[in-house]
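Each remark here refers to the structure printed beneath this line.
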Amino acid sequence: MSGAVRSGFDWMFRSRVDGRCVVGHFPNTVLLVFIVAAVLRWLWAPDGIAGVVLDVVATVALLVWALDEVVRGVNPFRRMLGVGVALIVVVGLIAG
């Protein structure tokens with residue numbers, strides 16, 4: 001790998017905290033809440049208030065996770081991932 005490519009890779013993926021290469025890691029609590037709510041919504045597919053509650057919980061949890069990545073992401077990749085997910089959630093809400 002050339003010096004420029006390695007430097008770019010390091011800038012994008014190296015943790016600013018401990019220097020490790022970080023693309024993903026075990027989900028935190030908020031992301032687990034999103035996953036559980038989304039899986040329940042998909043498997044159970046309830047109508048009425050239960051479906052709305054699962055939709056709201058999943059959406060809010062995903063948005064909180066994305067904004068947390070934007071603010072506290074350990075590298076530029078994680079922060080850009082947070083921005084991308086936040087944009088997708090907001091556009092999905094606007095598009096209805």
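The residues of the chain present an accessible area of 68 Å² per residue when probed at 1.4 Å with all protein chains retained.
Scalar couplings 3J(HN,Hα) for the stretch 38-52, obtained by applying the Karplus form with A = 6.51, B = -1.76, C = 1.60 to θ = phi - 60°, are 5, 5, 4, 4, 6, 6, 8, 6, x, 9, x, 5, 4, x, 5 Hz; x denotes Gly and Pro. Using only side-chain charges placed at the Cβ, +1 for Lys and Arg and -1 for Asp and Glu, the dipole size of the chain relative to its Cα centre rounds to 420 debye. On the chain, 74 percent of the accessible area sits on carbon and sulfur atoms, based on a 1.4 Å probe. Seen from all directions on average, the chain presents a Cα convex hull projection of 7.8 nm².
The values are calculated or read from the model by the stated rules, or taken from the named source; none is laboratory data. Bear in mind the structure is a predicted one, so any value in this text is a computation, not a measurement. Because the Cβ atoms are built from the backbone with ideal geometry, glycine has one as well, and the counts that use them run over all protein chains shown. Please note that ligands, DNA and RNA were not included when accessible areas were found on the heavy atoms of the full protein model with its side chains. Shrake-Rupley method; radii C 1.70, N 1.55, O 1.52, S 1.80 Å.
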